[in-house]
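The values are calculated or read from the model by the stated rules, or taken from the named source; none is laboratory data. Quick caveat: nothing in here was measured; it's all calculated off a predicted structure. Here Cβ is always computed from backbone atoms with ideal geometry, including for glycine, and neighbour counts include all displayed protein chains. For the accessible areas, the whole protein counts, side chains as well, though only heavy atoms, and no ligand, DNA or RNA atoms are used. Shrake-Rupley method; radii C 1.70, N 1.55, O 1.52, S 1.80 Å.
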Amino acid sequence: MFTSLPGFREFYPAERALQNHIFDLWRRTARRFGFQEWDAPVLEPLELFTEKSGEEIVRQLFNFEDKGGRKVTLRPEMTPSLARLVAARAGSLRRPIKWFAIGENFRYEKQQKGRLRSFYQFNADILGEAGPAADAEIIALCIESLRAFGFDVEDFRVRLSDRTLWFLFLESLGIPESAAVPVLAVVDKLERTSSAELEEMMADALVGTNCVAIEILPKVKNFVELNSLPALEQFFSGEDTKILARLGEWKTLLDLLKAMNLESFISIDLTIVRGLAYYTGFVFEAFERTGDGRALAGGGRYDALVKKLGGSDMPATGFGMGDVTLKNLLEDKSLLPVYSDAPDFYAIVLDPACRTVALTDVSLLRRAGIRTEYSFKDGKFGKLIQAAEQAGARYVLVYGPDEVANGVVKIRDTQERREITIPSRELVARLQAVLEGGLAAAES
Ligand code: HAM
């Protein structure tokens, strides 16, 4: 037996229906916010990611050399492709650019709960707007996308942090710019690493600076305890103007979210620094309320990426939301939708001589947009009714010699076990009436 590769999923119809439901809600929510859909190739030049995404993702690339000797990779994320698309037409695109995409991404990760090697991601990004208004809009869309599935404030939280504030804080500790990103990589591991290991990692990050790990670590740990704007304001009171100005932007962002009635979804959490290298400002991740499990979504501001890809200065912010953790949470919270792929009508043919008339009617119904199936085999009434019930159809259309000879069709309601007969020439209108009001509505 062949099996699929580890970390890759197969979608049987019920799973695919769930997938479609997820895509549909993502799409509808993004459109409600006025976002337009885009897409890009799943196979991209390797360089697009080795240069832009950061070490962790590069280790996880599904890369190879194609037959033309090009170094290529399956995309691990969509943001560098988006930046390239925007960079190429930056001059002609109406700003702010509000775009979303739904696409398959690939990361060679260790397969575990919430993490696969192939997953789908909903991306939403705003480009061309530098102020907190765009951050607020992106965070609001992230929250509303989760609410569209029925999750609410008791189910999830958006943990909000800020790489700008982090850089300013590290600068205030005397940590040079060159060491700031390595230090943030240590912060990223703060929650999951022992003190001894942290010290070692911090010492590595601070190599070549005048700073000492055992002095910096406690300060960093103090800093990440701050979980409200007043606490941040107190911590930095009277400090340099850059930090105060930044706290002003925090206030604007939080006020905007409050105006949208979303403040209860937000918790300030400075341990969030994001693994990807390109983030520059406000960053956030959405988690299940208890904080257990993997992130549902993650994003933030990346103001330098478009320029790095050859474009002009183009501030940007956005997020990605995966389908794997989302589906796990839908299951945990019993919010999986109930759906049916059943046909509305199922035609059964009792005699080979009736098949032509039956198929003509079936085609007519399908063209009218009515979901109709039919039995491929002729046969006995009881067996065919069983087949119709197995297909999930409530109404059966019976084509036997008597019906065909009289130019009528018999409709059987398998739930109420009742039948009516209608003239063939009125088939479409009568069946539409059945769908709206049951057999009674189609009786003349
Ligand atoms: P990311 O945090 O790497 O960000 O991924 C965002 C979300 O994608 C995660 O929170 C998770 O739900 C899902 N995800 C990531 N890796 C996996 C995996 N191996 N298996 C299942 N789900 C996964 C980004 O990708 C950024 N490009 C998002 C972004 C868009 N930032 C700005 N715009």
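In the condition set (1) within 16 Å of the ligand (Cβ to nearest atom); (2) in contact with an Asp or Glu (Cβ under 7 Å, 6 or more places away or on another chain); (3) small (Gly, Ala, Ser), Ala391 is compliant with all but (1).
Does Ala17 count as away from the ligand (no atom under 16 Å from the Cβ), in a helix (DSSP H, G or I) and open to solvent by less than 40 Å² (accessible area, probe 1.4 Å)?
Working: away from the ligand (no atom under 16 Å from the Cβ): yes; in a helix (DSSP H, G or I): yes; open to solvent by less than 40 Å² (accessible area, probe 1.4 Å): yes.
So Ala17 passes the test.
When you scan the stretch 200-312 for strands (runs of 3 or more DSSP E) that lie fully inside it, which ones turn up with 3 or more residues that are under 18 Å from Val181 (Cβ atoms)? So the answer is 297-301. Residues that are charged (D, E, K, R), under 22 Å from Pro315 (Cβ atoms), modelled with pLDDT of 95 or more and surrounded by 17 or more Cβ atoms within 10 Å (Cβ to Cβ) within the stretch 245-278 comprise Arg246, Glu249, listed in sequence order. Residues in the stretch 109-126 that are outside any strand (DSSP E or B) and surrounded by 15 or more Cβ atoms within 10 Å (Cβ to Cβ): Glu109, Gly114, Leu116, Arg117. Within the stretch 220-229, can one find any residue that is more than 27 Å from Ala130 (Cβ to Cβ), under 31 Å from the mean Cα position of the chain (by Cα) and open to solvent by 50 Å² or more (accessible area, probe 1.4 Å)? Yes; the residues of the stretch 220-229 include at least one that is more than 27 Å from Ala130 (Cβ to Cβ), under 31 Å from the mean Cα position of the chain (by Cα) and open to solvent by 50 Å² or more (accessible area, probe 1.4 Å). Within the set Gly382, Gly369, the sole residue that is of a type outside the set (D, E, K, R), assigned to a helix (DSSP H, G or I) and assigned by TED's automatic domain parsing to the domain that holds Glu419 turns out to be Gly382. Could you grab me the full set of residues in the stretch 106-126 that are modelled with pLDDT of 95 or more, more than 7 Å from the ligand (Cβ to nearest atom) and not aromatic (Phe, Trp, Tyr)? Listed by number, the residues that qualify are Ser118, Ala124, Ile126.
Among the residues of the stretch 295-341, just one is touching a Lys or Arg at 6+ places or on another chain (Cβ under 6 Å), more than 14 Å from Ala124 (Cα to Cα) and within 13 Å of the ligand (Cβ to nearest atom), namely Thr325. Which of (1) touching a strand residue (DSSP E or B) at 6+ places or on another chain (Cβ under 7 Å); (2) more than 13 Å from the ligand (Cβ to nearest atom) is the odd one out, the single condition Asp135 does not satisfy? That leaves (2) as the condition not met.
Of all the residues that make up the stretch 62-105, how many are among the aromatic types (Phe, Trp, Tyr) and more than 12 Å from the ligand (Cβ to nearest atom)?
Summing the residues that are among the aromatic types (Phe, Trp, Tyr) and more than 12 Å from the ligand (Cβ to nearest atom) in the stretch 62-105 gives 1.
Let's see how each residue does on (1) within 29 Å of Lys308 (Cβ to Cβ); (2) of a type in the set (Val, Ile, Thr); (3) within 18 Å of the chain's Cα centre (by Cα):
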position: Tyr12; (1), (2), (3): no, no, no
position: Phe23; (1), (2), (3): no, no, yes
position: Ala30; (1), (2), (3): yes, no, yes
position: Glu56; (1), (2), (3): yes, no, no
position: Asn63; (1), (2), (3): yes, no, no
position: Lys71; (1), (2), (3): yes, no, no
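If you go through the stretch 20-32 and keep only what is more than 15 Å from the ligand (Cβ to nearest atom) and either of a type in the set (Phe, Trp, Tyr) or in contact with an Asp or Glu (Cβ under 9 Å, 6 or more places away or on another chain) (or both), you end up with Arg27, Thr29, Arg31, Arg32. Could you grab me the full set of residues in the stretch 37-59 that are within 15 Å of the ligand (Cβ to nearest atom), surrounded by fewer than 17 Cβ atoms within 10 Å (Cβ to Cβ) and under 30 Å from Phe149 (Cα atoms)? Those that are within 15 Å of the ligand (Cβ to nearest atom), surrounded by fewer than 17 Cβ atoms within 10 Å (Cβ to Cβ) and under 30 Å from Phe149 (Cα atoms): Glu37, Asp39, Ala40, Val42.
It is to be established whether one or more residues within the stretch 392-400 are of a type in the set (A, V, I, L, M), in the same structural domain as Val349 (by TED's automatic domain parsing), farther than 13 Å from Leu427 by Cα and loosely packed, with under 15 Cβ neighbours inside 10 Å. No, there is no match, as no residue in the stretch 392-400 is of a type in the set (A, V, I, L, M), in the same structural domain as Val349 (by TED's automatic domain parsing), farther than 13 Å from Leu427 by Cα and loosely packed, with under 15 Cβ neighbours inside 10 Å. For the stretch 279-294, give me each residue that is open to solvent by less than 20 Å² (accessible area, probe 1.4 Å) and small (Gly, Ala, Ser). Passing the criteria: Gly281, Ala286.
A single entry from Thr421, Thr372, Thr414 fulfils the requirement of being without any contact (Cβ under 8 Å) to a residue 40 or more places away in the chain, of a type in the set (S, T, N, Q), open to solvent by less than 40 Å² (accessible area, probe 1.4 Å) and farther than 11 Å from Asp344 by Cβ: Thr414.
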